[in-house]
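Novice: There's a structure below that I have some questions on.
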Amino acid sequence: MRNRNALLGGLALIGLTNAIALGGVWLNRSGEPDSRLLLTERELRRSHDWADRENSGLALRLDWRRPSDPTSDDRYQSLMLSEAQLLGLGFTTEGRDGRRFANRNREALVVLELDGPAHKAEVERANQQLRKARSELHAAPTDKRLQDAESAARDYVEDAEQRDSRLLAVDVGVEREVLRSRYPDRSRYAIVPGHVSAWVREGHLTGQISRLRITEINVPHTWRERLDEELARNRNGDTPPRFRLWLSVGQRLEPWIDSPPEFPREGPRAKAGDAVSLASSTRP
């Protein structure tokens, strides 16, 4: 009798958990999406750790970037959040001497911009570095160091124009309505939950977006084989993958794929009425 009650209790708990999860999905996808972005293979990459799991599914990782610091010569140096932004998130300035201050990590809303001014600035910066490298090489054409610098600058431009993600985190905040009024274009700007880390450097409060709450998107088995075949081009060194996916962000600011993937090499393959379901998971 005791075992039977335990079994029934376990089944009830599983049913309740599933009901809550399905209710959350329904609430998130009810009404008009908060945003809807047309992403490509540049913004959705195969999740590298998915292959290590005992799962026959396919996961895509949302590839986003922070804008680079325009005052730095290092292309990999990200632009830091301002002290005003961090104070607006609720961070404190206690302990400006660098020893300690409260609330080193906080949740926040992150604004992701798709193929907008921030990405165009990254492309322009790459081209500026290429122009500078070519000018210096023109003055000393036999200099091996300058030849390597010019070659690296050409690769930088090619990455910026053709391969790097066009999805950049351009702002943070705590009030969804305020951010949406600041970024009204729902086909270019998505608002998603994330985390911000802050610290004291040289007496000033500084920090950065550390991660997004949801970065991994599970693709249902219906589309796994064809999409996996396209993604395999990266592993095989063949032509880079090409696909497009409409990603919606719902009322709970959780993403899902709301239409079949398209493969530009082949043209549309799916019927307009076909649906793609998605299960989002969070990273710890």
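The values are calculated or read from the model by the stated rules, or taken from the named source; none is laboratory data. Worth saying up front: this structure is predicted, and the values here are computed from it rather than measured. Here the Cβ positions follow ideal geometry from the backbone for every residue, glycine too, while neighbour counts run over all protein chains shown. Side chains included, ligands, DNA and RNA excluded: accessible areas come from the protein's heavy atoms. Shrake-Rupley method; radii C 1.70, N 1.55, O 1.52, S 1.80 Å.
Novice: Within segment 232-241, identify whether any single residue is under 17 Å from the mean Cα position of the chain (by Cα) and open to solvent by 50 Å² or more (accessible area, probe 1.4 Å), and answer yes or no.
Specialist: No, segment 232-241 contains no residue that is under 17 Å from the mean Cα position of the chain (by Cα) and open to solvent by 50 Å² or more (accessible area, probe 1.4 Å).
Novice: Now a separate question. Looking at segment 63-77, can you tell me whether even one residue there is surrounded by 13 or more Cβ atoms within 10 Å (Cβ to Cβ) and among the aromatic types (Phe, Trp, Tyr)?
Specialist: Within segment 63-77 (the criterion being surrounded by 13 or more Cβ atoms within 10 Å (Cβ to Cβ) and among the aromatic types (Phe, Trp, Tyr)), the answer is yes, since at least one residue qualifies.
Novice: Name the residues in segment 183-222 that are at pLDDT 95 or above and over 19 Å from the mean Cα position of the chain (by Cα), would you?
Specialist: Within segment 183-222, PRO184 is the sole residue that qualifies.
Novice: Search segment 55-76 for residues that are without any contact (Cβ under 8 Å) to a residue 40 or more places away in the chain and pair each with any residue that is outside any strand (DSSP E or B) and not aromatic (Phe, Trp, Tyr) when their beta-carbon atoms are under 6 Å apart and the residues are at least 6 apart or on different chains.
Specialist: Listed by first residue and then by second, the contacts come to ASP69/GLN77; ASP69/LEU79.
Novice: Give segment 152-191 a look and list any residue that's open to solvent by 60 Å² or more (accessible area, probe 1.4 Å), acidic (Asp, Glu) and in contact with a helix residue (DSSP H, G or I) (Cβ under 8 Å, 6 or more places away or on another chain), or say none.
Specialist: Within segment 152-191, GLU161 is the sole residue that qualifies.
Novice: Hey, another quick one. So which pairs qualify, if the first residue must be in segment 77-94 and of a type in the set (Val, Ile, Thr), the second must be open to solvent by 50 Å² or more (accessible area, probe 1.4 Å) and assigned to a loop (DSSP other than H, G, I, E, B), the Cβ gap must be under 8 Å, and the two must be at least 6 apart or on different chains?
Specialist: So the pair list comes out as THR92/ASN103.
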